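Novice: I am attaching a structure below and will ask some questions about it afterwards.
The values are calculated or read from the model by the stated rules, or taken from the named source; none is laboratory data. Since this is a predicted model, take the numbers as computed values, not measurements. No Cβ is skipped: glycine too gets one built from the backbone with ideal geometry, and neighbour counts run over all protein chains shown.
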Amino acid sequence: MLKKSLTTGEIAWNSIIFVAVILTALEAPYSFTFGTRIQKWQLVSDFIISLIFIIDICYQVRQRVKGRAQLNTTTEKFNWWSLLIVDVMAAIPFDIISYSLGGASGIRFFNLLRLFRLVRVIRIIQLFGKLPIVSKAVRVNIYIIFFVIIVQWVSCGWILINPQTIDDQTTHFIKAVYWTVTTLTTIGYGDITPTTNIGRLYTMVIMILGVGIYGIVIGNVTRMMAAGDRHKEMARERMTDLGTFMKYYNIPERLQNNVSSYYQHLITKRLTDNDNKIINELPQALQQELQIYMNIKLIRNIPIFKDCSQQCLKDVAGALQQKYYGPGQTIINIGEVGQEMFIIGHGIVEVILKDGNTVATLHENQFFGEGALVRETKRNANVRAQSYCDLYRLEKVQFEEIIARHPDLLDSIERVANKRSSDRRAPRTPSSKS
């Protein structure tokens, strides 16, 4: 029975098996068609692939003995034993056996017996299909790989019914591949045509299959490409609608720029424009956990969190509270005792001293107010929103709970706080940065 989830190690192991089987699927028909003598590299690869399957069989049996591969019905038990028998057949080093028997033409079919390994590809695709996320590039590559295998097999079939004449082996194979591609893609230039009845029958079958195969590959690849761009296209349409809306109501240019900037932030920082709708359909506990990982993406590359462990990032992300501020709105006041720090998700804030001088302008993914988390001090500057800001607040009480579990975070914030204090005490020049 298929497992409901795969570990990273199992994904890597199945990927190795997948590559090994694909190489066999490409090489075995070629060797059979041309009756090539078995080379040393083929013996080595056959041994390695057989060893991989033997190790995998041992792993499956071990999982079954330990009860991790639960088989609850007679059908599941039958399927498990059937697939195990196929895996055993796939593990047999047929190339080595053929070589040991002298590679006579009568046992050349041993090359094709290695194609038992293809059954494993179907199982691997089923396993990967159960993963919550399979990238578009992986799916496209799988379709391309299978198209290449089909081209290889059809080409070898063409060579078998149209034996090599005056062409050398490489040229004859390239011509066969050329004929296969033009036939499967329904282009059919007609410069290579069958001359026998068997060849004509074979060509008609390939023509009929080619329409379906080509349509399936192109259709699925096109669908995946379109699905990948769907959210971007929707975002562009919304931006156009937003622009039309603001133009119709004569919204001031300053406000238009602020709205467009914030909406662009939503597009670039979220997978879709309805992330919240997606998770709102889930139970509250799952919503909170997913929101933590969304916040981790925000803070992962901020300097004070760069060297933190995954658990530390989860604790911080879970404690963050989202806050919004408009242009000119004060976020921090001089003289108040600080009880929180802020991380900028979007927007621009300015740090203003008591004399009215702006000493720093902070942007997306920067932070401020960290001094309040490491020492009981009064704020020594005002912080004001220069544009519409999307901020994330970390309160002192929660911060103290986090550093009790992850003291390395305190060291990181203290270094930043001390550096900023020394920078502000240092004489400033027109080109200096806060």
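Novice: Checking the structure you have, find out if any residue of the range 50-70 is at pLDDT 75 or above, within 24 Å of Trp153 (Cα to Cα) and not aromatic (Phe, Trp, Tyr).
Specialist: Within the range 50-70 (the criterion being at pLDDT 75 or above, within 24 Å of Trp153 (Cα to Cα) and not aromatic (Phe, Trp, Tyr)), the answer is yes, since at least one residue qualifies.
Novice: Which residue is farthest from Val148 (Cα to Cα), if the candidates are limited to the range 162-204 and must be of a type in the set (A, V, I, L, M) and over 38 Å from the mean Cα position of the chain (by Cα)? Please lay out each step first, then the result.
Specialist: Within the range 162-204, the subset of a type in the set (A, V, I, L, M) is 166, 174, 176-177, 181, 184, 187, 192, 198, 201, 204.
With over 38 Å from the mean Cα position of the chain (by Cα) added as a condition, the list becomes 166, 192, 198, 201, 204.
Working: Ile166: 26, Ile192: 20, Ile198: 24, Leu201: 23, Met204: 20 Å.
Checked the range 162-204; the qualifying residue farthest from Val148 (Cα to Cα) is Ile166.
Novice: A further question on this structure: Which residue out of Pro327, Pro407 is more than 30 Å from Leu255 (Cα to Cα), in the same structural domain as Gln291 (by TED's automatic domain parsing) and within 40 Å of the chain's Cα centre (by Cα)? Even if it seems obvious, please write down each step before you answer.
Specialist: Values: Pro327 fails: more than 30 Å from Leu255 (Cα to Cα).
None of the others qualify; the one that does is Pro407.
Novice: State yes or no: is Thr330 at pLDDT 90 or above, at negative phi and surrounded by fewer than 17 Cβ atoms within 10 Å (Cβ to Cβ)? Even if it seems obvious, please write down each step before you answer.
Specialist: Numbers: at pLDDT 90 or above: yes; at negative phi: yes; surrounded by fewer than 17 Cβ atoms within 10 Å (Cβ to Cβ): yes.
Judged against the criteria, Thr330 is a match.
Novice: Which is exposed (fewer than 13 other Cβ atoms within 10 Å of the Cβ) and modelled with pLDDT of 75 or more, of Ile159, Ile149, Ile144, Ile133? It would help to see each step written out before you state the result.
Specialist: Details: Ile159 fails: exposed (fewer than 13 other Cβ atoms within 10 Å of the Cβ); Ile149 fails: exposed (fewer than 13 other Cβ atoms within 10 Å of the Cβ); Ile133 fails: modelled with pLDDT of 75 or more.
Exactly one residue qualifies, and that residue is Ile144.
Novice: Now for a separate question. Being out of contact with any strand residue (DSSP E or B) (no Cβ under 6 Å at 6 or more places or on another chain) and either in a helix (DSSP H, G or I) or under 17 Å from Thr36 (Cβ atoms) (or both) narrows it down to one of Thr186, Thr193, Thr165, Thr170, so name that one.
Specialist: Numbers: Thr186 fails: either in a helix (DSSP H, G or I) or under 17 Å from Thr36 (Cβ atoms) (or both); Thr193 fails: either in a helix (DSSP H, G or I) or under 17 Å from Thr36 (Cβ atoms) (or both); Thr165 fails: either in a helix (DSSP H, G or I) or under 17 Å from Thr36 (Cβ atoms) (or both).
That would be Thr170, the only listed residue that is out of contact with any strand residue (DSSP E or B) (no Cβ under 6 Å at 6 or more places or on another chain) and either in a helix (DSSP H, G or I) or under 17 Å from Thr36 (Cβ atoms) (or both).
Novice: Still on this structure: For a quick check of your reading of the model, give me the residue pairs whose first member lies in the range 122-148 and is more than 15 Å from Ser15 (Cα to Cα), whose second is modelled with pLDDT under 65, with beta-carbon atoms closer than 9 Å and at least 6 apart or on different chains.
Specialist: Pro132/Ser5; Lys136/Ala227; Lys136/Gly228
Novice: Give me the pairs, please: first residue somewhere in the range 359-380 and closer than 21 Å to Ile302 by Cα and among the hydroxyl-bearing types (Ser, Thr, Tyr), second residue anywhere and at pLDDT 80 or above and assigned to a loop (DSSP other than H, G, I, E, B), beta-carbon distance under 9 Å, and either six or more positions apart or on two chains.
Specialist: Filtered contacts from the range 359-380: Thr361/Ile348; Thr361/Gln386.
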